[in-house]
Amino acid sequence: MKYYRAHVLICSGSNCAIKGCRSVKQACEQEIIRHGLQGEVQVVDTGCLGLCDQGPALVVYPEGVMYGRLTPSDVLEIVSEHLLKGRLVHRLMQQPTGPAGEVSPLSMTPFFQKQKRVVLKNCGLIDPERIEDYVRAGGYTALATALDVMTPESVIAEITQSGLRGRGGAGFPTGRKWEYTRVAAGQQKYVICNADEGEPGTFKDRLILEGDPHLIVEGMALAGYAIGATRGIVYIRGEYELSIHRMEQAIRQARENGLLGEGILSSAFSFDLEVCAGAGAYVCGEETALIESIEGNRGEPRFKPPYPVEKGLWGQPTSVNNVETLANVPSIIEQGALWYRSLGTPSSPGTKVFTLTGNIVNSGLIEVPMGITLREVIYEIGGGIPEGKQFKMAQTGGTSGGCLAAAHLDIPMDYDSLQSHGSSLGSGALLIMDDTHCIVDLTRCFLKFFVHESCGQCTPCREGAPALYHLLGKVSAGAGGHADIQLINRLSRTMQSSSLCALGQTAPVPVLSALQHFWPEIEAHLNGRCPANKCVMGKAAGKIAN
Amino acid sequence: MLTNVTINGRTIAVRPGSTILSACRQADIKVPTLCHHPDQAVKAACRICVVEVAGQRLLQPACSYPVSEGMVVNTATPAVREARRTMLELLLSNHPADCLQCPRSFACELQQLASELNVRETPFESRLRQLKQDQSTVSLQRIPDKCVNCRRCVHACLTTQGIGLLYTAGRGRDTVVQTSGNVPLHDVACVLCGQCLQACPVGAITEVDETEKVWDALSDPAKHVVVQVAPAIRVALGEEFGGEAGSVVTGKLVSALRLLGFDRVFDTDFTADLTIIEEGHEFLHRLSHGGTLPMITSCSPGWVKFTEHNYPEELAHLSSCKSPQQMFGALAKTYYAEQSGIEASSVFVVSVMPCTAKKFEAARPEMTSSGYRDVDVVLSTRELARMLKQAGIDWAGVSDGEFDAPLGISTGAAAIFGATGGVMEAALRTVYEVVSGKELGSLDFHAVRGMAGVKEAAIQIGDLVVNVGVAHGLANARQLMEQVANGTSPYHFIEIMCCPGGCIGGGGQPIPTTNAVREQRIRAIYSVDEAMTLRKSHQNPAVAKLYADFLKRPLGHKSHTLLHTEYVKRG
Amino acid sequence: MAERQANFSHRQMILPFVDQPGGLLKALHALQNASLDHFLAPSDLKLVAEVFGVPEAKVWGTVTFYSLYSTSPRGRHIIRVCESAPCYVVGAMDILKSLGAMLNVQPGETTSDGRFTLEVASCLGVCGVAPALMVNMDVHGNLTRDKLAAILAEYA
């Protein structure tokens, strides 16, 4: 194996790609050749570092120095100064230096210090396009161990003991889901990886697939072994071109290396994977809608029971798991349930990947132990609210999550605590809004999303979401009264209690939490005043926008 | 082992795997429904049937949720009532409030729900979708603004009829049932059977109402207006006046038509008997002359149009006989006009049919062999009921009457045309006796009766064992046609009726027409047959006279011109 | 003749998808990608219905369900502006308005020269660089009004 004196890891995640990481990488490679360093320094494409706000970014190892917000001309300086002469380029560095000018390791920076990387352990450290890198980082050991010394039942037992819960939003215990699928009667069982990430503010699955696709291959193979499935499908939303490419490539590489296909690693276990691309429908993130979509139908959720663990894809027992859930599996098998339980809280063990968006200094991707507070995430990891503005509210769990006010900043972020405050952990989206925003205006924005994305199958969601949107418009225009608020409450209750799937059941959550936590501001609208000065008063309540 | 559930405080034992809805019905507890249809798969889409299940966070739809041992259900709690009310108000907010003009008024499930749930207004802003209406066909019209997205029509077209021209399109609040590309029904392979209409809970699909044309003719002194009624009408019309499904109302029907002012009240059964003579001879001719077999019946216009669209290469299998309706029309304006000395041009033929496709059939350009349009107007059973009500005829007080001669004379074999298997049975009664010269012991061919989708029988006729097949509903018909198309059909003779149950289950029949109702109408049909003295078509004296005086012989020149037809490859 | 050939090659293109999971959606993606006007024509729907053995109305129902499919012709480049909350709170509506004004179209419309179709989209999954839009499969993020002209210039 060739030895390199230094490695330059360039983030090639989607968010950095948007910001021009291609040209940064090109410039870097050209400069290295120009200085004759190509034998000493290796440039590696890697997955997301999480600091999307600071992209394009690269990290130089062994020092672990991260440079950010780069242009191609910045790179000339990094190569000639850092790589050639060994001098740090302070103006581009994203981490502080100590009194003697020593660099604190990246992991010691505020952004990374509070993080605990299980799911993202390889993101930013390996080249996701090379299976060798994944294997070198310890990849596929969990699969090998399971096939070698564990029965499917003991794999399920380990996952059950770890307390891993579904990371897609519902938080269903993964071990139990696998157990149900394993014991269900069926000719052909399926594992489906739900990568139809459509929740606004969520891009974790995309960056996991882009940054460490083999982790998902391994997680799915373990799931397949545990439940007795020989086929798996990764359903990725159609817009995620790079994720689809990386996943397909990882599957090919795994097949070539005997890690997928017949008799994996010389065991009796056979398993293979295929990628399906979505076609633009948020509701397909609902597991039965996703199954309908794979079957070539409109992505409309099925009524339950029966659940997919009994009758899923083509009527066969099917376990549908979120990307992040599956990404936890290899580490749990490798390091054990006890280790996993040492992270997070007793009812929500492990870590959670959050995506920070909105009015926050460091928008991006983080992984933290369950139970961390909102305040820590926003102010310590996220760097606070930009432009000196004040925190107004946070929406956790995506657009169907509740609106939390400043009074809730110290709530631990785990499944149960958030639920008790009318919100949810959901997909891990964390949308931060400053005090220039109006609560009524924002809830209208949330509802507009559901008006668009309702599948149209059941009455409360199809008809209720537009009606709710319309009523909020009336309030926004100062034309609403207390009777409208009563109607909003009644309609919300009906949507929650009677909709066919979680989309309709949770669509009113932001509205109800806004009524609960921001009532004075809403009441001001009933009196014809928008305290944030966002709503146009007197404007005709108007038609529902397209 | 039964499952014990407690519903509204009452514990009952039900079959394991039952839904809450069926358990409720067993306990005589009414749960309102909208997307539910007794003959279709569960959809659980409208959510009107939600109930409270102890231990469940959310309300659950009674139509899909299975019972389990010890389950406690409450069907009318405040939460349930509030949810149902709110959902109904939402549906009403985008539904045209034109009940007064709507032909489905009083037979509308949405209207009934509003009444039962005591919802008289909606607090939500009215939001009509203003979708384009489809008035492209002579049989059916669609008013998508009235659609409540229950998808029952989708199921009827796709699953019951195996066609699938209607499907849910769009998403969210734009979701609506459409044809591909939202093109008019006229431009797709729609057979106009009206099963979508039968399935629709509201007035989103209705027949094209032609009652005004009939009123005009009746009030025109220059017109001699005759009416024919199909066999399926006499076992269904009573339902329009509150009668039990399957009441036989032949006598009242005849008198009521007379009260409406028709000059003659005739019976399509007459030409049903005639059809048996012609079709029976056609079958024997094909058998003895190496003609195309299996021969398939052609009485059902939806079935004929289905074949023209879907099996254009197999049209030679269809009997060339016109349907009884069209034979009647052709004879009314020739034979009857001549016999009664009435100018053919002044004869106006109205038929009352259980069928929406019959409107299309009567309008086919081939159906003018009398020199005029053979049948001028086709009314559905429902349209006739509307006219009777409009005329102020007190149904309860109408006395029994008799059909006029000669085109009102018929046998029991004609009566059973209205039920699936009936044409086959009638044909077998005649063919057997014509070929063997022997009298049949029992006239009842039970193997071809009933609601099974595909039925078959083998009958020894002379030296030959004749294999017959019977299918009703186009999904079942397709099974037999696939065999015909790939040359593996084991049958000599096939009867196919477009609608489930045969004509008694047609798209023009009273609403509701469910399989349970169909079975009652079928029972009535056979009771009509049994009550007749003459039960074989070749015994019909009026038909015999028709041949003697006018047609001369079966399959003869006049028959060929007036009673047989050709088909169109529609692709 | 040319049409028949196109139909033949389209059929060859989608045949392999018939037995695949998600095959029907893959076929629709492939046909739309092959369309110069980025849409699924009635002939495409007919072909998919026939090859997959499902009613054409069902294919229509499926196509009209998903936002990435279009049943009417679109411009050479498709701009999809995210209007979901994370983009909304950092100014997506300004971006949408500015684009509409620059292109002189409303969302859903195509410029008169056929160069761009402007669409609004739900979350594109690049919220880390909100506000964001996609032109065809390229994502552009951290948008400001000033950046729009340069982005449009990339697409002839």
Given a Förster distance of 60 Å, report the FRET efficiency between B:His557 and A:Trp314 from their Cβ-Cβ distance, rounded to the nearest 0.05. 0.50
Two-site label geometry, B:Ala405 and C:Ser9: point separation in nm, points 7 Å out along Cα→Cβ: 7.6 nm
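According to the Kirkwood expression over distinct Cα-Cα pairs, how big is the hydrodynamic radius of region A:6-111, in Å? The partial results should precede the final answer.
Working: mean 1/r = 0.0735 Å⁻¹.
Averaging 1/r across every pair of different Cα atoms and inverting gives 13.6 Å.
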Can you work out the base-10 log of I(q)/I(0) for region C:77-153 at q = 0.19, 0.26 1/Å, using the Debye formula on its C-alpha atoms alone? -0.68, -1.31
Set of lysines near C:Lys97 by C-alpha distance (under 20 Å), chain-local residues within fewer than 8 positions excluded: A:Lys448, A:Lys534, A:Lys539, A:Lys543, C:Lys147
Putting +1 on Lys and Arg Cβ atoms and -1 on Asp and Glu Cβ atoms, find which of A:Ser270, B:Tyr65, C:Tyr69 reaches farthest to the positive end of the dipole of the protein assembly as shown. B:Tyr65
Test item: Cα-centred dipole of region B:14-55, Lys/Arg +1 and Asp/Glu -1 on Cβ, debye: 60 debye
What full-extension length gain, to one decimal in nm, is calculated for B:Glu530 and B:His289 as 0.36 nm per residue of separation minus the Cα-Cα distance? 83.2 nm
What is the distance in Å between the Cα centres of region B:71-104 and region A:353-369? 44 Å
How big is the dipole moment of region A:212-286 about its Cα centre under a simple scheme where the beta carbon of each Lys and Arg is +1, that of each Asp and Glu is -1, and everything else is neutral? Debye, nearest 20, please. 80 debye
What full-extension length gain, to one decimal in nm, is calculated for B:Thr11 and B:Asp220 as 0.36 nm per residue of separation minus the Cα-Cα distance? 68.8 nm
Selected from C:Phe17, C:Phe52, C:Phe65 as most flexible by GNM, with chain C as the system and alpha-carbon contacts under 10 Å: C:Phe65
Can you quote the Å³ per residue value for the convex hull of the Cα atoms in region B:3-76, rounded to an integer? 81 Å³
Based on the Cβ-Cβ distance of B:His446 and B:Leu128, what FRET efficiency does E = 1/(1 + (r/R0)^6) give at R0 = 51 Å, to the nearest 0.05? 0.45
Chain A: relative contact order in percent, alpha carbon pairs under 8 Å with at least 6 residues between: 13 percent
What is the calculated FRET efficiency for A:Val536 to C:Asp138, with r their C-beta to C-beta distance and R₀ = 35 Å, to the nearest 0.05? 0.50
Rounded to the nearest 500, the 222 nm mean residue ellipticity computed for the protein assembly as shown from DSSP H runs (n ≥ 4, each -39500 (n - 2.57)) alone is -10500 deg cm²/dmol
Report the normalised scattering of region A:439-526 as log10 I(q)/I(0) at q = 0.23 Å⁻¹, calculated by the Debye formula with identical scatterers on the alpha carbons. -1.07
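May I ask you to order B:93-99, A:283-289 by the average number of other C-beta atoms within 10 Å around their residues, highest value first?
Packing order, densest peptide first, comes out as A:283-289, B:93-99.
May I ask for the accessible area buried between chains C and B, both sides summed, probe 1.4 Å, to the nearest 100 Å²?
900 Å²
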Could you pull out every one of the aspartates and glutamates with an alpha carbon less than 15 Å from that of A:Lys121, ignoring same-chain neighbours closer than 8 positions? A:Asp133, A:Asp205, A:Glu210, A:Asp212, A:Glu218, A:Glu324, A:Glu334, A:Glu367
Which of rounded, prolate or oblate describes region B:105-225 when judged by the alpha-carbon gyration tensor and an a/c cut-off of 1.5? oblate
If a/c stays under 1.5 just call it rounded; otherwise compare a/b with b/c (prolate if a/b is bigger, oblate if not). Do that for chain A, with a ≥ b ≥ c from the square roots of the Cα gyration tensor eigenvalues. oblate
At the level of C-alpha centres, the distance separating region B:319-371 and region A:242-276, in angstrom, is 70 Å
Taking 7 Å along the Cα-to-C-beta vector as the label spot, tell me the A:His35-A:Thr230 distance in nanometres, rounded to one decimal. 5.5 nm
Could you tell me whether chain B comes out rounded, prolate or oblate from its Cα gyration tensor? Rule is a ≥ b ≥ c as square roots of the eigenvalues, rounded for a/c under 1.5, then prolate if a/b exceeds b/c, otherwise oblate. prolate
Net charge (Lys, Arg +1; Asp, Glu -1) of residues whose beta-carbon lies under 15 Å from that of A:Ile333, A:Ile333 excluded, is -3
Quick one: with all protein chains in place, what share of the accessible area of the protein assembly as shown is carbon or sulfur, to the nearest percent (1.4 Å probe)? 52 percent
Say the dipole of region A:111-213 comes from +1 at the beta carbon of Lys and Arg and -1 at that of Asp and Glu; which of A:Gly168, A:Ala142, A:Pro152 then lies farthest toward its positive end? A:Gly168
So if I average 1/r over every pair of distinct C-alpha atoms in region A:271-410 and take the inverse, what Kirkwood radius in Å does that give? 18.1 Å
Net +/- balance of residues flanking B:Gln133 in space, Cβ distance below 11 Å, scoring K and R +1, D and E -1: +1
Around B:Val347: net Lys/Arg minus Asp/Glu count, Cβ-Cβ under 14 Å: -3
Any idea how far the Cα center of region B:130-186 sits from the one of region B:231-289, in Å? 32 Å
Say the dipole of the protein assembly as shown comes from +1 at the beta carbon of Lys and Arg and -1 at that of Asp and Glu; which of C:Val135, A:Ile366, B:His289 then lies farthest toward its positive end? A:Ile366
Can you send over the solvent-accessible area of A:Ser243, 1.4 Å probe, protein chains only, in Å² to the nearest 10? 0 Å²
Of A:Lys304/B:Lys43; A:Lys389/A:Lys474; B:Lys43/C:Lys58, which sit over 22 Å apart, Cα to Cα? A:Lys389/A:Lys474
By a straight-distance test (C-alpha under 20 Å), which lysines pair with B:Lys305 as possible cross-link partners, with residues fewer than eight away in the same chain excluded? B:Lys322, B:Lys358, B:Lys359, B:Lys569
Treating only Lys and Arg (+1) and Asp and Glu (-1) as charged, each at its beta carbon, one finds that the protein assembly as shown has a dipole about its Cα centre, in Debye to the nearest 20, of 1240 debye
Please compute the length gained on full extension between A:Glu380 and A:Arg130, using 0.36 nm multiplied by the number of residues separating them and subtracting their Cα-Cα distance. 86.6 nm
Just the Cα atoms of the protein assembly as shown, one point each, no solvent: what log10 I(q)/I(0) does Debye give at q = 0.07 Å⁻¹? -0.79
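What order, most packed first, do the peptides A:193-205, A:461-473, B:151-163, B:71-83 have when packing is the mean number of other Cβ atoms within 10 Å of each residue?
Details: A:193-205: 29.8, A:461-473: 25.9, B:151-163: 22.8, B:71-83: 17.1.
Result, highest mean first: A:193-205, A:461-473, B:151-163, B:71-83.
The values are calculated or read from the model by the stated rules, or taken from the named source; none is laboratory data. All values reported here derive from a predicted model rather than from experimental measurement. With ideal geometry, Cβ positions are generated from the backbone for all residues, glycine too; neighbour counts draw on all protein chains shown. Surface areas here come from the heavy atoms of the whole protein model, side chains and all, with no ligands, DNA or RNA. Shrake-Rupley method; radii C 1.70, N 1.55, O 1.52, S 1.80 Å.
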